[in-house]
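Enquirer: Take this structure, written in structure tokens, and hold onto it; I'll ask about it next.
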Amino acid sequence: MIQLSQISKTFNKGRSNQVNAVNGINLNISAGEFVVIVGSNGSGKSTLLNLIAGSIYADTGSINIDDNDVTKLPDYKRSKWIARVFQNPLSGTAPDLSIIDNFRLAAIRTKPKGLSIGIDEKFKQKVREQIAALNMGLETKLDQPMGTLSGGQRQALTLLMSVTDTCKILLLDEPTAALDPRSADMVMRTADNLIKQFGLTAILITHNLKDAYNYGTRLIQMSEGAVIHNLNTDEKLQITQNVLFEWFS
Ligand SMILES: Nc1ncnc2c1ncn2[C@@H]1O[C@H](COP(=O)(O)OP(=O)(O)OP(=O)(O)O)[C@@H](O)[C@H]1O
């Protein structure tokens, strides 16, 4: 589903503050894999996600998504396949608009230009059912402004909204870092359920040891812009939490 071949990215090339953020990464991620990436601050995790999403371009190498060479494709053209959820629950939604209006905007995002999506009863019912599955009681509050919800509630709804009909890849950049532990758990469970339910290919960046241990089908550690560990499910099952703890320290 995602193939990275010799991908490198250097910031501030030739200047005193030059940073080799990503150094010749080769990575093959199959459809349906849930990859968890860990690594210390500045190891290149977010840069890698930005390169996959197309918000920045690689200096060298190529990126294929679903057998399409997207190396030079801008992010808005990749967005039909790729959904992203960021750390800040305030990003990704319009705080002054109601829950249902936010879902409508999200639905329009991937539709061909000119196609309008009205908030008819059928659309409302579909959204109501999706939200009810979260078990947060928000299905009765579709007209409430998004900005009045808690960070965890917003992040869970952002996840739901991001998974549109055409979405195949979900990129999660520390989606729970700003949340209290209970909300963080709920958001991670929601993400995991959506990934399984829709058969998504997903990449999660996390600094949370428990989440790195409990979630995902592949575990990657990055350091200085390179992949230094890449464990499949079986290999991951063989490492203990203590070993993982050492990766984090
Ligand atoms: N736009 C940019 N301009 C200059 N340097 C950048 C830019 N983006 C990232 N960097 C640098 O590239 C390196 C990798 O950053 P990146 O954000 O990918 O790391 P990270 O592993 O996601 O870190 P963290 O865990 O702290 O979020 C860092 O040294 C960072 O300062």
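Enquirer: Dividing the Cα convex hull volume of the stretch 1-94 by residue count, how many Å³ per residue is that?
Expert: Given the Cα convex hull of the stretch 1-94, per-residue volume reads 130 Å³.
Enquirer: Below 10 angstrom from the Cβ of Asp185, what's the summed charge of the other residues (Lys, Arg +1; Asp, Glu -1)? Walk me through the intermediate numbers first.
Expert: Details: positive: Arg182, Arg189, Lys210; negative: Asp180, Asp211.
That sum, taken over residues with Cβ under 10 Å, equals +1.
Enquirer: Here's another thing I want to ask about it. Which value, in Å², gives the accessible area per residue of the chain when a 1.4 Å probe is used on the protein heavy atoms?
Expert: Numbers: 12370 Å² over 249 residues.
Value for the chain: 50 Å² per residue.
Enquirer: In the chain, carbon and sulfur make up what percent of the accessible area (probe 1.4 Å)? Intermediate values should be presented prior to the final figure.
Expert: Values: 6010 of 12370 Å².
Of all accessible area on the chain, carbon and sulfur atoms account for 49 percent.
Enquirer: Something else about it: Semi-axes of the equivalent ellipsoid for the chain, please: Cα gyration tensor eigenvalues, times 5, square-rooted, ordered largest first, whole Å.
Expert: Working: eigenvalues 194, 95, 54 Å².
Whole-Å semi-axes of the equivalent ellipsoid: 31, 22, 16.
Enquirer: Could you point to the residue in Val19, Ile37, Leu105 farthest towards the positive end of the chain's charge dipole, with +1 and -1 charges on the Cβ of Lys/Arg and Asp/Glu respectively?
Expert: So the residue furthest toward the plus end is Leu105.
Enquirer: Need one value: the accessible area of Ser16 in square angstrom, 1.4 angstrom probe, rounded to the nearest 10.
Expert: Roughly 130 Å² of Ser16 is accessible to a 1.4 Å probe.
Enquirer: Beyond a 32 Å Cα-Cα separation, which of these cross-linked pairs lie in this structure: Lys77/Lys210; Lys45/Lys122; Lys77/Lys126; Lys45/Lys124; Lys168/Lys236? Could the numbers behind the result be given before it?
Expert: Numbers: Lys77/Lys210 34 Å; Lys45/Lys122 40 Å; Lys77/Lys126 27 Å; Lys45/Lys124 37 Å; Lys168/Lys236 24 Å.
Distance filter (> 32 Å) returns Lys77/Lys210; Lys45/Lys122; Lys45/Lys124.
Enquirer: Further question on the same structure: Could you identify which residue out of Phe86, Phe198, Phe11 has the top mean-square fluctuation in a GNM of the chain using Cα springs shorter than 10 Å?
Expert: Result: Phe11 has the largest fluctuation of those listed.
Enquirer: In addition: Let me know the shape class of the stretch 141-249, please: from the alpha-carbon gyration tensor, a ≥ b ≥ c as square roots of the eigenvalues, rounded when a/c is under 1.5, otherwise prolate if a/b is greater than b/c, or oblate.
Expert: Details: a/c = 2.33, a/b = 1.70, b/c = 1.37.
Since a/c reaches 1.5 and a/b is larger than b/c, the shape of the stretch 141-249 is classed as prolate.
Enquirer: Please tell me the relative contact order of the chain in percent, rounded to the nearest whole number, where contacts are Cα pairs under 8 Å and at least six residues apart.
Expert: Values: 452 pairs, mean separation 69.8, N = 249.
It rounds to 28 percent for the chain.
Enquirer: Return a whole-number percent for the relative contact order of the stretch 1-121, with Cα pairs under 8 Å and 6 or more residues apart as the contact set.
Expert: Relative CO of the stretch 1-121 lands at 22 percent.
Enquirer: Check each of the trypsin sites (Lys or Arg not before Pro) in the stretch 1-59 and keep only those in coil by DSSP with at most 12 other C-beta atoms within 10 angstrom; list them in order.
Expert: On the way: sites: Lys9, Lys13, Arg15, Lys45; in loops: Lys13, Arg15.
Qualifying residues, ordered by number: Lys13, Arg15.
Enquirer: OK, next. Tally Lys/Arg at +1 and Asp/Glu at -1 over every other residue whose Cβ is under 13 Å from the Cβ of Ile82; what's the total? Spell out each step's value before the answer.
Expert: Numbers: positive: Lys77, Arg78, Lys80, Arg84, Arg109, Lys168; negative: Asp66, Asp75, Asp173.
Residues close to Ile82 contribute a combined charge of +3.
Enquirer: Based on the Cα atoms of the stretch 30-141, what semi-axes does the equivalent ellipsoid have, where each is the square root of 5 times one gyration tensor eigenvalue, given in whole Å with the largest first? Intermediate values should be presented prior to the final figure.
Expert: Working: eigenvalues 194, 71, 37 Å².
They are 31, 19, 14 Å, listed from largest to smallest.
Enquirer: Can you compute the charge dipole magnitude of the chain about its Cα centre, using +1 on each Lys and Arg Cβ and -1 on each Asp and Glu Cβ, nothing else charged? Give it in debye, rounded to the nearest 20. Don't jump to the answer; show the numbers that get you there.
Expert: Values: 26 positive and 24 negative charges, 116 e Å.
In total the dipole reaches around 560 debye.
Enquirer: Over the Cα atoms of the stretch 144-198, what Rg and Dmax result, in angstrom?
Expert: When restricted to Cα atoms, the stretch 144-198 yields Rg and Dmax of 11.3, 31 Å.
Enquirer: Which percent, nearest 5, of DSSP beta bridges in the stretch 105-249 are antiparallel?
Expert: Working: 6 of 11 bridges.
Around 55 percent antiparallel, to the nearest 5.
Enquirer: Report for the chain the percent antiparallel among DSSP-assigned beta bridges with both residues inside it, nearest 5. Intermediate results must be reported in sequence, preceding the final value.
Expert: Details: 21 of 39 bridges.
Close to 55 percent.
Enquirer: Under the definition of Cα pairs under 8 Å and six or more residues apart, what whole-number percent is the relative contact order of the stretch 147-249? Present the calculation step by step, with values, prior to reporting the outcome.
Expert: Details: 91 pairs, mean separation 22.7, N = 103.
The normalised contact order for the stretch 147-249 reaches 22 percent.
The values are calculated or read from the model by the stated rules, or taken from the named source; none is laboratory data. Keep in mind it's a predicted model, so treat the numbers as computed, not measured. FYI the Cβ positions are ideal-geometry reconstructions off the backbone, even for glycines, and counts take in every protein chain you see. These accessible areas exclude ligands, DNA and RNA; they are computed on the full protein's heavy atoms, side chains included. Shrake-Rupley method; radii C 1.70, N 1.55, O 1.52, S 1.80 Å.
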